[in-house]
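Everything on this sheet refers to the single structure shown next.
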Amino acid sequence: MPHLFCFGLGYSAKVFAKRLLHKGWTLSGTSRTEEGLSRLEEMGFQGILFDGEQQSDVVSDAISQASHILCSIAPSAGLDPALKFHKNDLQSKTFDWIGYLSTVGVYGNWDGAWVDETSETRPKSERSKNRVVAENEWLELARNNNLPIHIFRIAGIYGPGRNPIKTLKEGRGRRLNKPGQVFNRIHVDDIANVLEASVASPNPGAIYNVTDNEPAPPQDVVSYAAQLLAIDPPPLIPFEEANLTPMARSFYGENKRVRNSRIIDELGVSLSYPTYREGLQAILRSNS
């Protein structure tokens, strides 16, 4: 029976893990808090406490029982907690598949030009620089130990409970206008589609952009969500006048269009939501 162990069972990893659970897999994964552990166990996962600050014998034991590994926790100060404390566990056995969830932020700013998996990584933000370091750490571990690592560079994630329809309903919707700015995005169900396809057809060392077909201006997405709700969209705010956190503002410093050809051509993925329109329509129908 295949067993997936997840470093971090957050929003995206849970959707993927639930699918495998329904197919008869066994699942274990980490949470940073006792409250998080309780939620995982309610969902049928074996929850393990791991705060990313020290080695855990329970995590070591779970890794030893796993056939598949997924890492969805963010690096801290350039160090990946999974590798910092459990590198020896990972290199001491063989696995059928290992996945690392990264971000399209590693490409940095391309002034709206198209990028693909062969494009140079030139991250601007500290968090994206840390991701590049972590990617390289995982790839080096794989090369040195013949491990089947796969890197997934994920676009802006939306789905049930995390989407502009919900934001508008809560009165928190905003439309910011920065001419020429576009973002890529991906529905959480399509992240799971890509991961499932990779597990079925492993290609060790592969890097995949996980994004839908249409990079789009963020204000257009909010306008479409308002249209679906049959309400007026929020007023358009010039980017320069917007009151944003430093992190939110940093996202607007990176402008690119990310190609997804590899997940379609190599993995044969058929996106459930090829653009934000189909995704938001489904969210509205499900009232989530």
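Within the stretch 10-17, can one find any residue that is farther than 19 Å from D189 by Cα, β-branched (V, I, T), surrounded by 16 or more Cβ atoms within 10 Å (Cβ to Cβ) and at pLDDT 95 or above? Steps first, answer last, please.
Quick first cut of the stretch 10-17, residues farther than 19 Å from D189 by Cα only: none.
There is no residue in the stretch 10-17 that is farther than 19 Å from D189 by Cα, β-branched (V, I, T), surrounded by 16 or more Cβ atoms within 10 Å (Cβ to Cβ) and at pLDDT 95 or above.
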- [ ] Please list, ordered by first then second residue, the pairs with beta carbon atoms under 6 Å, 6 or more apart or interchain, first in the stretch 124-146 and of a type in the set (K, R), second assigned to a helix (DSSP H, G or I).
- [x] R131/V106
- [ ] Return only the number of the condition from (1) closer than 28 Å to R127 by Cα; (2) at pLDDT below 95 that N287 does not satisfy.
- [x] (1)
Open item on the list: Of everything in the stretch 166-201, what is part of a strand (DSSP E or B), open to solvent by 20 Å² or more (accessible area, probe 1.4 Å) and either among the basic types (K, R) or modelled with pLDDT of 95 or more (or both)? Give them in sequence order.
Closed with: R175, F183, R185
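Take P204 and decide whether it is part of a loop (DSSP other than H, G, I, E, B), open to solvent by 50 Å² or more (accessible area, probe 1.4 Å), touching a Phe, Trp or Tyr at 6+ places or on another chain (Cβ under 9 Å) and free of Cβ contacts under 8 Å to residues at least 40 places away in the same chain. Walk me through it before giving the result.
Values: part of a loop (DSSP other than H, G, I, E, B): yes; open to solvent by 50 Å² or more (accessible area, probe 1.4 Å): yes; touching a Phe, Trp or Tyr at 6+ places or on another chain (Cβ under 9 Å): yes; free of Cβ contacts under 8 Å to residues at least 40 places away in the same chain: no.
No.
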- [ ] Return yes when G159 is surrounded by 21 or more Cβ atoms within 10 Å (Cβ to Cβ), within 22 Å of K178 (Cβ to Cβ) and touching a helix residue (DSSP H, G or I) at 6+ places or on another chain (Cβ under 6 Å) and no when it is not.
- [x] no
Open item on the list: Within the stretch 38-59, does at least one residue satisfy the condition of being open to solvent by less than 10 Å² (accessible area, probe 1.4 Å), under 29 Å from S128 (Cβ atoms), among the hydrophobic types (A, V, I, L, M, F, W, C) and touching a residue at least 60 places away in the same chain (Cβ under 8 Å)?
Closed with: no
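Could you say whether any residue in the stretch 210-230 is under 26 Å from A77 (Cβ atoms), of a type outside the set (S, T, Y) and open to solvent by less than 30 Å² (accessible area, probe 1.4 Å)?
Pass one, the stretch 210-230, residues under 26 Å from A77 (Cβ atoms): 210.
This time we only want the ones that are of a type outside the set (S, T, Y), so: 210.
Checking the rest, the ones that are also open to solvent by less than 30 Å² (accessible area, probe 1.4 Å) come to 210.
Within the stretch 210-230, one or more residues are under 26 Å from A77 (Cβ atoms), of a type outside the set (S, T, Y) and open to solvent by less than 30 Å² (accessible area, probe 1.4 Å).
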Open item on the list: Regarding the stretch 252-260, can at least one residue be identified that is at pLDDT 95 or above, more than 18 Å from the chain's Cα centre (by Cα) and not hydroxyl-bearing (S, T, Y)?
Closed with: yes
Task: In the stretch 84-112, the residues that are within 16 Å of A155 (Cβ to Cβ), outside any strand (DSSP E or B), in contact with a strand residue (DSSP E or B) (Cβ under 8 Å, 6 or more places away or on another chain) and not aromatic (F, W, Y) - done: V104, V106, G112
TODO: Take G99 and decide whether it is touching a His at 6+ places or on another chain (Cβ under 6 Å) and of a type outside the set (F, W, Y).
DONE: yes
Task: Pairs where the first residue, in the stretch 229-241, is free of Cβ contacts under 8 Å to residues at least 12 places away in the same chain and the second is among the hydrophobic types (A, V, I, L, M, F, W, C) and assigned to a helix (DSSP H, G or I), C-beta under 8 Å, 6+ apart - done: D232/A226
Open item on the list: Given the condition more than 29 Å from N209 (Cβ to Cβ), hydrophobic (A, V, I, L, M, F, W, C) and in a helix (DSSP H, G or I), answer yes or no: does some residue in the stretch 63-76 qualify?
Closed with: no
- [ ] Identify the single condition in (1) open to solvent by less than 10 Å² (accessible area, probe 1.4 Å); (2) more than 30 Å from S56 (Cα to Cα); (3) not polar (S, T, N, Q) that I149 does not satisfy, given that it satisfies every other one.
- [x] (2)
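The values are calculated or read from the model by the stated rules, or taken from the named source; none is laboratory data. Model, not experiment: these values are computed from the prediction. Here Cβ is always computed from backbone atoms with ideal geometry, including for glycine, and neighbour counts include all displayed protein chains. When the accessible area is computed, the model is the full protein with side chains, heavy atoms only, and any ligands, DNA or RNA have been set aside. Shrake-Rupley method; radii C 1.70, N 1.55, O 1.52, S 1.80 Å.
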